[in-house]
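As structure tokens, the structure follows; a few thoughts come after it.
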Amino acid sequence: MTTPCIIRGLGHCVPETRLTNADLERMVDTNDEWITSRTGIKERRIAAKGETTVSLSHQAALRALADAGMQAEELTHILVATFTADSYIPSAACMLADRLGIKGRTAMDISAACSGFLFALETARAFVSLHPQAKILVTATDVVSSRVDYSDRSICVLFGDGAGAAIVTGEAPGDHPGRARLLDVLLATDGSAHDLLTVKGGGSGAPYKPGETVRRDFFVEMNGREVYKYAVRAMTGICQTMMAKHGVAKEQVDVFIPHQANLRIIDAVGARLDMPAERIFTNVQKYGNTSAASVIIALSEAVESGFIKDTNLVLLSTFGGGFTYGSCLLRF
Ligand code: UT7
């Protein structure tokens with residue numbers, strides 16, 4: 001029997017600064033009609049100077065801790081899913097622990113691009129099954145703008161910055177039953193598609209020498225068409241596998257939250273799963289694709305806004321570079 005696993009609290013944080021389609025029209029050869037019809041995105045949030053993966057994670061973490069009715073000192077593990085840590089060394093998780101004023105815990109980053117939240121959530125679930133008393137902070141945060149070339153119109157319209165956080169524990173005390181029961185997480189990867197969505201520059205395979213100016217490979221590069229097709233197939237498939245594994249019919253899924261990459265992908269996955277549009281939560285219109293943070297920000301907002309109600313069965317799905325993909329079933 002698997003150890004019960006609970007999401008005790010949720011929180012999110014996005015930068016104040018907005019980058020609208022009208023702003024982008026002044027920066028590159030694009031227009032609101034193209035961006036809206038291809039992606040559904042109207043604006044995104046961009047980190048200001050001094051706002052980083054660690055600072056946004058910190059704010060999201062404080063909100064999730066408050067939602068869980070917990071203090072930072074109670075945390076046993078800190079996981080940060082990101083591809084845009086403030087630095088290669090130290091990890092974002094070590095820096096986040098320091099911001100939270102705690103030492104001596106397990107703290108580590110997890111790299112799974114836009115699927116990072118579910119990879120971190122499953123890692124948390126594994127820690128809980130090893131240590132049933134564990135109290136785990138999972139944050140998923142990306143400052144994608146730090147790796148976007150704002151002269152590349154095919155990329156710069158798609159992404160935004162943000163952070164989400166969840167507190168994951170074993171069975172919660174009766175006086176604080178938590179937000180949701182984590183029923184299952186399924187993860188998958190396909191490394192044969194590694195070249196279709198990349199950020200290579202600065203890695204050991206594409207290092208920089210002192211004084212060298214950054215090349216194009218420092219920024220996100222993507223074959224949009226191929227990513228689109230694979231993302232639709234992968235998210236649909238892994239959701240179908242999850243539903244079949246648990247004998248869940250589509251009518252029983254109260255809320256579906258897919259990776260907020262763009263509305264066309266969301267609509268295509270929704271149509272293939274035959275999910276009514278009114279059960280699909282979206283916020284990509286106002287944040288763009290926030291990479292690892294996308295699904296956890298959406299989950300946190302869906303709870304905060306009342307879109308998700310008590311007893312709801314919620315299905316999440318992610319997709320990202322690697323390729324990485326996953327699904328998750330939650331009972332509120
Ligand atoms: O976490 C996963 C992240 N990945 C994604 O979400 C991306 C998935 N892919 C997509 O959503 C779509 O492929 C895009 C939205 C990225 C692009 O849509 P598309 O219909 O596949 O367009 P395309 O890349 O085939 O480009 C069509 C045209 C090209 O012009 P030509 O060659 O036909 O003259 C592009 O140069 O659109 C042009 N274009 C733009 N035009 C105006 C590309 N970007 C822009 C732009 N504004 N921002």
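Descriptive notes on the structure:
- For the residues Gly191, Gly203, the requirement of being away from the ligand (no atom under 11 Å from the Cβ), closer than 17 Å to Thr318 by Cα and loosely packed, with under 15 Cβ neighbours inside 10 Å singles out Gly191.
- Residues located in region 5-21, provided they are among the β-branched types (Val, Ile, Thr) and part of a strand (DSSP E or B): Ile6, Ile7, Thr20
- Residue match in region 103-116 (condition: out of contact with any Phe, Trp or Tyr (no Cβ under 8 Å at 6 or more places or on another chain), modelled with pLDDT of 95 or more and of a type in the set (Val, Ile, Thr)): no
- Check on Leu196, hydrophobic (A, V, I, L, M, F, W, C), within 14 Å of the ligand (Cβ to nearest atom) and either surrounded by fewer than 21 Cβ atoms within 10 Å (Cβ to Cβ) or farther than 30 Å from Glu33 by Cβ (or both): yes
- Matching strands (runs of 3 or more DSSP E) fully within region 213-332 where at least 1 residues are open to solvent by 30 Å² or more (accessible area, probe 1.4 Å): 324-331
- Hey, Ala140 within 23 Å of Thr189 (Cβ to Cβ), touching a helix residue (DSSP H, G or I) at 6+ places or on another chain (Cβ under 7 Å) and either open to solvent by 50 Å² or more (accessible area, probe 1.4 Å) or assigned to a loop (DSSP other than H, G, I, E, B) (or both) or not: no
- From the options Glu51, Glu43, Glu74, residue that is in contact (Cβ under 8 Å) with a residue 60 or more places away in the chain, assigned by TED's automatic domain parsing to the domain that holds Leu10 and closer than 27 Å to Gly203 by Cα: Glu51
- Positions within region 85-119 being open to solvent by 10 Å² or more (accessible area, probe 1.4 Å) and within 16 Å of the chain's Cα centre (by Cα), in sequence order: Ala85, Asp109, Ile110, Ser111, Ala113, Cys114, Phe119
- Of the set (1) more than 28 Å from Leu10 (Cα to Cα); (2) modelled with pLDDT of 95 or more; (3) of a type in the set (A, V, I, L, M, F, W, C), all apply to Val214 but (2).
- Enumeration of residues in region 179-211 that are in a loop (DSSP other than H, G, I, E, B), at pLDDT 95 or above and within 24 Å of Glu122 (Cβ to Cβ): Asp190, Val199
- Breaking point among (1) touching a Gly at 6+ places or on another chain (Cβ under 8 Å); (2) among the hydrophobic types (A, V, I, L, M, F, W, C); (3) farther than 17 Å from Tyr287 by Cα, for Leu56: (3)
- Ser145 being more than 12 Å from the ligand (Cβ to nearest atom), surrounded by fewer than 19 Cβ atoms within 10 Å (Cβ to Cβ), outside any loop (DSSP other than H, G, I, E, B) and assigned by TED's automatic domain parsing to the domain that holds Thr82: no
The values are calculated or read from the model by the stated rules, or taken from the named source; none is laboratory data. This structure is a prediction, so every number in the text was calculated from the model and none was measured. All Cβ positions, glycine included, derive from the backbone under ideal geometry; neighbour counts span all protein chains shown. Areas reflect the complete protein model, heavy atoms only, side chains present, ligands, DNA and RNA absent. Shrake-Rupley method; radii C 1.70, N 1.55, O 1.52, S 1.80 Å.
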